[in-house]
Structures are given as C-alpha cells and as structure tokens.
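Asker: Take this structure, written in structure tokens, and hold onto it; I'll ask about it next.
The values are calculated or read from the model by the stated rules, or taken from the named source; none is laboratory data. Here the structure is a predicted model, which means the values were calculated and not measured. All Cβ positions, even for glycine, are placed from backbone atoms using ideal geometry, and neighbour counts span all protein chains on display. Surface accessibility is based on the protein's heavy atoms, side chains included, excluding ligands, DNA and RNA. Shrake-Rupley method; radii C 1.70, N 1.55, O 1.52, S 1.80 Å.
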Amino acid sequence: MSTTTLAAYLSQSTIPPRLADLVGAVAKGCVEISAQVRRGGAGQIMGALGSENVQGEVQQKLDVLSNDILLALCAEAEGLSAMASEEMETIHPVREVGPQGGYLLLFDPLDGSSNIAVNVSIGTIFSILPTPADSVGRAVTEADFLQPGRNQVCAGYVVYGPQTQLVLTLGEGVCAFTLDPECEDWVLTNPAMAIPAETKEFAINAANTRHWAAPVSRYVEECLAGVEGPRGKDFNMRWVASMVADVHRVITRGGVFMYPWDKREPNRPGKLRLMYEANPMALLVEQAGGASFDGTGDTLDAPVTGLHQRASVMMGSKAEIARLRDYHAA
Ligand code: P6P
C-alpha cells in the first residue's frame, strides 16, 4: 500500500506554499519534541525548573525545551510574522509582514506536562491565524493576534502517546499522521477523521462536581443515571487530565470533553486558554463533524480580549453539545 507523507499531503493541498512550509516546520519541531519526551529520565530533561509560566504554573524542563524547539524551527518559515505561546507572557515577533501578508503561530508547546512525571500522554497544540490586512509593512503587535477562532487557517495537535500522532485541519476536514520512528517521517494514517454524533462517553474532572453550574450538573447526572435515567443508556467516563489525549479520544471515537466554568473562581471563564487550546481544538472538532460550546455560544465565535484569556470548554459529539446548549438555555 502506498504511503502518503505529510510533505506530500501539504504539497498536494491547495494551501499557499508559505503556509505549507510553516505547518511543516511545526511538524518538524514536534518530531524533536517527541524524541525529547521519549528520552524522559534518560535524557536529564525531567523535573521542574523552579520557575512559573505566565499562567502561574510550575514550568517543567520539557515545557521550556519544547517552547525553544518550536521558536527556533518555526522562525525559519518565511511566511511567519510572529509567535505566541502559553510559556511566554508577550508575543515573539519574527519578521515584518510582507506585501503578501503573513501568519501568526500560537501554541501550547507541551500541554498536560504535569503528566510527564507519571508517563501519561501529553501533547503540543497549535493554531495559525492570518496577519490582519492592515499589518502589511509593519511589525506585528499583540492586538493583531486577538482574532476569533473562526479566523484560523490551520489548527492541529501532536499527541505523544503509544504512537506519536499529528492531527491536522487546513479548513477542509481533519486528517491524522503517525510518526514512523524508523524514518522519522509523518505517514497519513487517517485521511478523514469523523466524530460520531451520538456517544456513550464523557470526559470531565468529577472532583469539581460541587462547583459546576446547574446545566453541567444536570448533564452529568443524567449520564450517571444511565439506562434507568432520562438518557435510557449507560455512559462511560474518562479523564486523562491531558486535553490533547482526551480530545484525541473524542475525535477518534466520539464523546464529550468538558472543562466548564465553575464556582471556584467565578470571575474566571474556565481553566483552559482560548487562543492556543480551546480555539484550535474547537476548529478540529467542528471540522470533524462535532461542535464546541463555551456556555454562551460557539467557541470559535468567542470575543477575544487577551492573548492568555481563558474559556469554558464543552466540545465533542454534535448531539451531546446540542443537549448541553439546550440545558444552558433552559
Ligand atoms: P485538572 C493540563 O494541565 C490541562 O491544562 C489540560 O491539558 C487538562 O485537560 C486540564 O489542564 C486538567 O486539569 O484540573 O483536571 O488537573
């Protein structure tokens, strides 16, 4: 059976060559990150740095290493104007925006890094936006990044699990590549990922049950009531505490992933970040036939006011998200 590599897939796509180059650079960076993740303790790169990132979270050595790998490799992509990362407070300008425009790359270089020490799947999440039309001929500012998720021209993640897989959308469906460690190349393994509309699986951190809003509590209680309850079927619960792993399962076999607003910090929309976690994942889920809701509307339509703003996240199988929407509107 002939294999399609990522490079071949990108060259056969209709996206601009400079965007294809940028996607290739991100993927190349993730090959290096995968190698570092797999070395683990053997590579002297485990453990915390003793510093905190802009989110106030303890930085793991691999967080910073992954961030540096992407900064270095992606800066070589000629269409890239600037980058932003969970690990950096401010944007990272790369070059002035040329006459044909450019791209903005946002990423969480190593999501779920608290799982590194216990050898549980982690991942890299990335989002690519176009530079605004009025940015030609000037350096990019942080305000240029503050675009709704629906403006993304590309989104993807790499999950460092039993296999290293890249899941990608260029705006026309979702495909998956598996890293072949023997040749260190990405091989197309699923050309059209599709989320089943119905599901029997949901993912949420149940330790927060007492803090949830009523619509979320109702949804989860009905799932737990199983076949004797209003849903008339039994459900399964999963929680990896690594968004990439949980969302990858949802895109692969259906389900709902939820990290909704809760009462612990009433003024905070949620734990996850909109620009480089919720938005790229929401585009992937929508492109795979699912839906993503933030408690008010579509995640991808959420107004953007800050580079590191947080969001309430409920995404996955379309019928389940429709139900959650109804419960929030009731
Ligand atoms: P909790 C990882 O820290 C992360 O940002 C996501 O990857 C994950 O879904 C979530 O936080 C887990 O949060 O509160 O369950 O530890």
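Asker: Would you report the distance distribution of C-alpha pairs in segment 209-285 as whole percents per 10 angstrom bin, up to the bin with the largest distance?
Answerer: Bin by bin from 0 Å, the calculated values are 16, 41, 36, 6, 0.
Asker: I'd like the Karplus ³J(HN,Hα) series for segment 211-222: coefficients 6.51, -1.76, 1.60, θ = phi - 60°, whole numbers in Hz, and an x wherever there's a Gly or Pro.
Answerer: In residue order, the calculated couplings are 9, 6, 6, 4, x, 6, 4, 4, 4, 5, 4, 5 Hz.
Asker: How far, in degrees from 0 to 90, does helix 318-329 lean away from the longest principal axis of the Cα atoms of the chain, to the nearest 10?
Answerer: 70
Asker: Order the peptides 114-121, 194-201, 244-251 from the highest to the lowest mean number of other Cβ atoms within 10 Å of their residues.
Answerer: 244-251, 194-201, 114-121
Asker: How large is the direction-averaged shadow of the alpha-carbon convex hull of the chain, in nm²?
Answerer: That works out to 17.1 nm².
Asker: Something else now. With contacts defined as alpha carbon pairs under 8 Å and 6 or more residues apart, what's the relative contact order of segment 259-330 in percent?
Answerer: 37
Asker: Rounded to whole Å, give me the distance from the Cα center of segment 282-330 to that of segment 3-21.
Answerer: 29
Asker: Can you compute the helix-only [θ] at 222 nm over the chain? Use -39500 (n - 2.57) per DSSP H run of at least 4 residues, normalise by all residues, nearest 500 deg cm²/dmol.
Answerer: -8500 deg cm²/dmol
Asker: If only Cα atoms are counted, what is the Rg of segment 201-329, and what is its Dmax, in Å?
Answerer: 13.7, 45
Asker: Same structure again: Would you kindly find the accessible area of V174, with a 1.4 Å probe and non-protein molecules such as ligands, DNA and RNA excluded, rounding to the nearest 10 Å²?
Answerer: Accessible area, nearest 10 Å²: 0 Å².
Asker: Keeping all protein chains in place, calculate the accessible area per residue for the chain (probe 1.4 angstrom), answer in Å².
Answerer: 42
Asker: Counting only protein heavy atoms and a 1.4 Å probe, tell me what percentage of segment 97-238's accessible area is made up of carbon and sulfur.
Answerer: The computed percentage sits at 52.
Asker: Please determine, in degrees from 0 to 90 and to the nearest 10, the orientation of helix 17-39 with respect to the longest principal axis defined by the Cα atoms of the chain, where the helix direction is its Cα long axis.
Answerer: In the chain, helix 17-39 runs at an angle near 70 degrees to the longest axis.
Asker: Roughly how tilted is helix 61-74, in degrees to the nearest 10 and between 0 and 90, from the longest Cα axis of the chain?
Answerer: 50
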